[in-house]
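What follows is a set of notes on a single structure, which appears directly below.
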Amino acid sequence: MPSKKTVRPEKQTFTCASCGVLNCYRRSGDFPGLCLTTQTDDATKAHAQRAYLGRGKDARMARAAAEVEGTYYGRLTRVEEIIAFAKRIGAKKIGIATCIGLIEETRVFVKVLKANNLEPYAVLCKVGSVDKTEIGIPDALKVQKGTFEAICNPVLQAELLNQWKSDLNVIVGLCVGHDSLFIRHSAAPVTTLITKDRVTGHNPAAALYTSGFYYKRLLEPGRNL
Ligand code: SF4
């Protein structure tokens, strides 16, 4: 439940969001005094770096992602980038965790994957058909009250794709939180094709781009969301 306590001023912690130089990227200047790169101990940095070396899964994915970025920077759509990434990590079986609201987009994506010799398998968020009241969600919180309304079931979506032994899973428009659960329960690596935003036509960045005027409410402190 949302807290009704008075909102305290934000703690003044320096993070990369406060950094004005982003020097870790090109090293064309100086690192700031409280830089997360220079303040992190060498062992922690080395531990992360080791993940990208050798022939393990992390290393293969890191190199594949960099190869797709470096080869096609600014030229491929995300749909195409997912295909290029899948091919580079040797993924053939592509699981799709789809939202019911984006099933038409999923149907097109399935055709695209097949056209690229990949094997798609889509599982809808409503799979299992469990009424919301069965997991303790009151009827008052249903979108259409007084009707059967299935929960989103990201755990079952993940389990079905795990049983199918997908090599790579793709999220198509899962809700905030349902996507978290899906990722948590997915055995295969997960990437996102569409990030749901019911208000902005699935472009959540639009709210940030326009927060200076149309969406200035985003910056109002203490909203009871
Ligand atoms: S790691 Fe350091 S240089 Fe890079 S963005 Fe964070 S604070 Fe800035």
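The values are calculated or read from the model by the stated rules, or taken from the named source; none is laboratory data. No experiment lies behind these values; they were computed from the predicted model shown. Using ideal geometry, Cβ is built from the backbone for each residue, glycine included, and neighbour counts are taken over all protein chains shown. Quick note on the areas: whole protein, heavy atoms, side chains included, nothing else; ligands and nucleic acids left out. Shrake-Rupley method; radii C 1.70, N 1.55, O 1.52, S 1.80 Å.
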Item to check | Disulfide-incompatible cysteines by the Cβ rule (no partner under 4.7 Å) in the chain | outcome: Cys16, Cys19, Cys24, Cys35, Cys99, Cys175
Checklist entry - Can you give the accessible area of Asp167 in Å² (nearest 10), computed on protein heavy atoms with a 1.4 Å probe? => result 60 Å²
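Once you compute Rg and the Kirkwood Rh from C-alpha atoms, what is the Rg to Rh ratio for segment 120-225? Write out the running numbers ahead of the final one.
On the way: Rg = 16.6 Å, Rh = 15.9 Å.
Rg divided by Rh gives 1.04.
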Next on the checklist: Please state the shape class of segment 70-110: rounded when a/c is under 1.5, otherwise prolate if a/b exceeds b/c and oblate if not, all from the C-alpha gyration tensor.
Outcome noted: oblate
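Taking a 1.4 Å probe, which of Lys45, Lys142, Lys216 shows the most accessible area, and what order do the others take after it? Display every interim value, and only then the final one.
Working: Lys45 75, Lys142 10, Lys216 115 Å².
Solvent-accessible surface, decreasing: Lys216, Lys45, Lys142.
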Checklist entry - Counting other Cβ atoms within 10 Å, which chymotrypsin sites (Phe, Trp or Tyr not before Pro) in segment 84-154 have at most 16 and lie in a DSSP loop? => result Phe148
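Write down the accessible area per residue of segment 1-138 in Å², having rolled a 1.4 Å probe over the full set of protein chains. All intermediate terms of the calculation are to be shown ahead of the outcome.
Details: 10150 Å² over 138 residues.
Per-residue accessible area for segment 1-138 comes out at 74 Å².
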Checklist outcome for this item: Mean projected area (nm²) from the convex hull of Cα positions in the chain is 17.0 nm²
Checklist outcome for this item: Answer in debye to the nearest 20: the dipole magnitude of the chain about its Cα centre, from +1 Lys/Arg and -1 Asp/Glu charges placed on Cβ, is 140 debye
Item to check | Inter-part distance where segment 97-121 and segment 131-174 are each reduced to a Cα centre, Å | outcome: 18 Å
Item to check | segment 86-225: relative contact order as a whole-number percent, Cα under 8 Å and 6+ apart | outcome: 23 percent
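With N denoting the number of residues in segment 107-150, provide Rg(C-alpha) divided by 2.2 N^0.38 Å, to two decimal places.
Details: Rg = 16.3 Å, N = 44, 2.2 N^0.38 = 9.3 Å.
Expressed relative to 2.2 N^0.38 Å, the Cα Rg reads 1.75.
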Checklist entry - Rg and Dmax of segment 57-126, Cα atoms, in Å? => result 13.0, 38
